There are 2 protein chains.
Amino acid sequence: MATIIDVAKAANVSPSTVSRVIADHPRISLKTKRKVREVMKDLAYYPNIQARNLAAKKTMMLGVVMGHSAMLAFQNPFFPEVIRGISATAHARKYGLSLSTGGTEREILDEVRAMVQSKKVDGIILLYAKDQDPIFEYLRAENFPFVVVGTPPEHRLETDYIDNNNVALAEELVDYLIALGHEDIAFVGGDIHYGVTRDRVKGFEQSYAKHGLEVDAAYYQHNTDHVEETLLKLMQLKNRPTAILTQDDLMAYEIITHLERLAIRVPDDVSIISINNHALSNYMRPALTTVEIHIFELGYKAAEFLCQRIENPTKKAQHAFVETKLIVRESCAKRC
Amino acid sequence: MATIIDVAKAANVSPSTVSRVIADHPRISLKTKRKVREVMKDLAYYPNIQARNLAAKKTMMLGVVMGHSAMLAFQNPFFPEVIRGISATAHARKYGLSLSTGGTEREILDEVRAMVQSKKVDGIILLYAKDQDPIFEYLRAENFPFVVVGTPPEHRLETDYIDNNNVALAEELVDYLIALGHEDIAFVGGDIHYGVTRDRVKGFEQSYAKHGLEVDAAYYQHNTDHVEETLLKLMQLKNRPTAILTQDDLMAYEIITHLERLAIRVPDDVSIISINNHALSNYMRPALTTVEIHIFELGYKAAEFLCQRIENPTKKAQHAFVETKLIVRESCAKRC
DNA sequence: CTGAAAGCGCTTACAG
DNA sequence: CTGAAAGCGCTTACAG
């Protein structure tokens, strides 16, 4: 395999010059560049990335870490979509992608440590935001370039992140349900330790407050593991909810199925509104009213922010909201 | 940041010895190992991966390349699941994962070239198998370690691959439908240039032949882009099919929805059988009869084969089938 | 505009 | 069991 020295010899220049041609250094003459490039082509020369990175002290790699289980276990399209978005900017900016492989939280933390200490990546994208996250804290403590997809619960001002405006999003959803006449709305699913859930609860409450309504605490059901039980409990309440807000289309379908078993019809008896706009949601019966959150864009921007941070470690932290869109279909009806 | 030299000094040994301790070399005394390890801990020393790889001429990285669009556009759980499987063995064997980021086929090919020529990865996992694939051909020509998830159309004997037994799988499905009385079965969806589709067509035909039936060519509909049109055409046939075999649950739902619009009921008028066992398929109406193909296992084994190939480049090529399981639910009925 | 030299931080025959 | 030395294949001040 040809090295930079072979190219240098064949082109009658020094290795330094070849190196500069590779980097398209402006102070090399066009003539030299042309000659060297020709030789590189002839010899099918590709620079050795490891050597280049070692000398240049960078990696041109972005680490992507997904929270333990969270993303993958959930068979929703979040993961592939966000990766597509990240890939798009990574590719455009000539970065590679390195995925965390750990299964347990501990393994992932060790891996992240190794990624930064062993100089495997130039920066890291955290695909989640949650409370008391040792990985988040580690990255902060090390002052290592990273960005989070989601809104970190702490140190927001000093960290780069990208998210939907989940407060506003939930408020809009609840506004919509209230406009349909619903006043007893349950919020089912979603780990309350995740920022995303908390923000949505907040938006929920803002809408209620705005309309002079009071939230019944029994309507908050954030235990994802026992959907069926949760629904039973909810439906046995004196003031049983007439609408349900849930955070993912897949969960919405699970809920609808359980409801049907209880002979409760959607949307006639209970309205369901969701978030994520799964590709299937248009094909389902009833077609789901849900929110498009533009996951691709989330990933795209996250990588964008990270690359900027890597290039300029001292710049001010960036945050932004990616737009969302309520998609009204058939799973919500007027309260009768 | 501490280097191997700092550790060596602090431990009163040579850098070579530190290096050997890191590699847990057997010929280093336990006493020395202990001392060096202690120092490493004290100094929070992590070996620089780039340097190590440059010197050792390996990368401890596995490249994962997904066919252009194929995996991601399709919002099915294949991608996250197969990555989970790959991650599991990669993590166990201390390999990292590097994802291809290209969008177009050309970009992906360039990226793969760069991965191998620039020594970014020790081996590559191809997440698809198809005809005339320049990436496959390149990897073969370079004699670079790689494994394919799927059955390559050519050079099977010399290449490592892992797949379901798609011929047998399809045969079983058609046997099942025939046992229910169906004799006019359509096969909808799936690019015929992909090995997976071709194998399933073969299984389809084997079942027909076995039962002394003849396949009507009009029943093969492999144009994925216009499902609705395809169904219309199919349903206007004189011998309109009484059952439809499709290759993915998501497509099955699309089909069911279109059928309902035509006032054709599933499974009463037409039976639907599918493949992939999506997490949702149990919640759908009608609950889908489909095949569990164990995607995690596919990824796990693929990485396993690849690591073995990397460690032993001259060993005989390995292939294996991952088991599949027909899951009978409610979308198929006896022909009436 | 180009080159010689030092260096990036490791590994690994070779020698003892 | 351990060390000195060469080398992995680049980059980048420094000098001219």
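All of the numbers you see were taken from the coordinates with simple rules; none came from a lab. Because the structure is a prediction, the values reported are computed rather than measured. Cβ atoms come from the backbone with ideal geometry, glycine included; neighbour counts cover every protein chain shown.
Between the amide H of A:Gly63 and those of A:Ser98, A:Asp122, A:Gly123, A:Ile124, A:Ile125, distances stay under 5 Å, these residues lying 5 or more places away or on another chain, with hydrogens modeled in the peptide plane.
With a Förster radius of 60 Å, plug the Cβ-Cβ distance of A:Leu232 and B:Met235 into 1/(1 + (r/R0)^6) and report the FRET value to the nearest 0.05. List each step's numbers first, then the result.
On the way: r = 41 Å, r/R0 = 0.69.
Taking R0 as 60 Å, the efficiency between A:Leu232 and B:Met235 is 0.90.
Taking packing as the residue-averaged number of other Cβ atoms within 10 angstrom, the listed peptides A:162-173, B:312-323 run from highest to lowest as A:162-173, B:312-323. Rounded to the nearest angstrom and listed largest first, the equivalent-ellipsoid semi-axes of region B:144-238 from its Cα gyration tensor are 28, 18, 9. Look at the stretch B:97-110: the mean tally of other chain Cβ atoms within 10 Å of its residues' Cβ atoms is 4. Plainly put, the tip 7 Å out from Cα toward Cβ on A:Leu326 is 4.7 nm from that tip on each other copy, the closest given first. For A:Lys58, the shell of other residues with beta-carbons less than 13 Å away shows a net charge of +4, using +1 for Lys and Arg and -1 for Asp and Glu. Sorting the Cα pairs of region B:174-320 by distance into bins of 5 Å, from 0 upward, gives 2, 8, 17, 19, 19, 12, 8, 6, 5, 3, 1, 0 percent per bin.
Computed over neighbours whose Cβ is under 14 Å from that of A:Lys301, the net charge equals -3, Lys and Arg +1, Asp and Glu -1. Counting only residues at least eight positions apart within a chain, or on another chain, the lysines with an alpha carbon under 30 Å from that of B:Lys210 are B:Lys130, B:Lys202, B:Lys233, B:Lys238, B:Lys325, B:Lys334. In order along region B:10-27, phi translates into HN-Hα couplings of 4, 9, 6, 9, 8, x, 4, 5, 4, 4, 5, 5, 4, 7, 6, 4, x, 8 Hz, rounded to whole numbers, per the Karplus curve 6.51 cos²θ - 1.76 cosθ + 1.60 with θ = phi - 60° and x for Gly and Pro.
By the beta-carbon count within 10 Å of each Cβ, the least crowded to most crowded order of B:Asp133, B:Asp216, A:Asp184, fewest first, is B:Asp216, A:Asp184, B:Asp133.
What the phi angles of region A:98-105 give under the Karplus curve with 6.51, -1.76 and 1.60, with θ = phi - 60°, is a coupling list of 10, 9, 6, 10, x, x, 8, 4 Hz, glycine and proline written as x. For the protein assembly as shown, dividing the convex hull volume of the Cα atoms by the residue count gives 191 Å³ per residue. The amide H of B:Ile244, built 1.01 Å from its N in the peptide plane, has B:Ala186, B:Ser271, B:Ile272, B:Ile273 as neighbours under 5 Å, considering only residues 5 or more places off or on other chains.
Label separation (A:Asp268 vs A:Tyr138): 5.5 nm, computed from points 7 Å beyond Cα along the C-beta direction. Region A:175-226 and region A:258-328 have Cα centres spaced 17 Å apart.
Here the residues B:Lys9, B:Lys301, ranked from fewest to most Cβ neighbours within 10 Å of their Cβ, fall in the order B:Lys9, B:Lys301.
For chain B, a crude dipole built from +1 on the beta carbon of Lys and Arg and -1 on the beta carbon of Asp and Glu, taken about the Cα centre, is about 2320 debye to the nearest 20.
Taking every alpha-carbon pair within chain A, the share separated by more than 38 Å comes to 32 percent. Using a simple spin-label model with pseudo-atoms 7 Å out from Cα toward Cβ, B:Met1 and B:Asp110 lie 2.9 nm apart. Once you list every other residue whose beta carbon is under 13 Å from the beta carbon of B:Lys9, what net charge do they have if Lys and Arg are +1 and Asp and Glu are -1? Charge balance in the 13 Å sphere: -1.
Between identical copies, the spacing of A:Gln206 label points, each set 7 Å from Cα toward the C-beta atom, reads 6.0 nm from nearest to farthest. Taking every DSSP beta bridge that has both ends in chain A, the antiparallel portion is near 10%. Each of B:Lys325, B:Lys41 was scored by other Cβ atoms within 10 Å of its Cβ. Listed from fewest to most, they are B:Lys41, B:Lys325. Label-point spacing at B:Leu262 relative to the other copies reads 3.8 nm, in ascending order, each point sitting 7 Å out from Cα along Cα→Cβ. If the segment from B:Asp225 to B:Glu311 were pulled out straight at 0.36 nm per residue, it would be longer than the present Cα-Cα gap by 26.7 nm.
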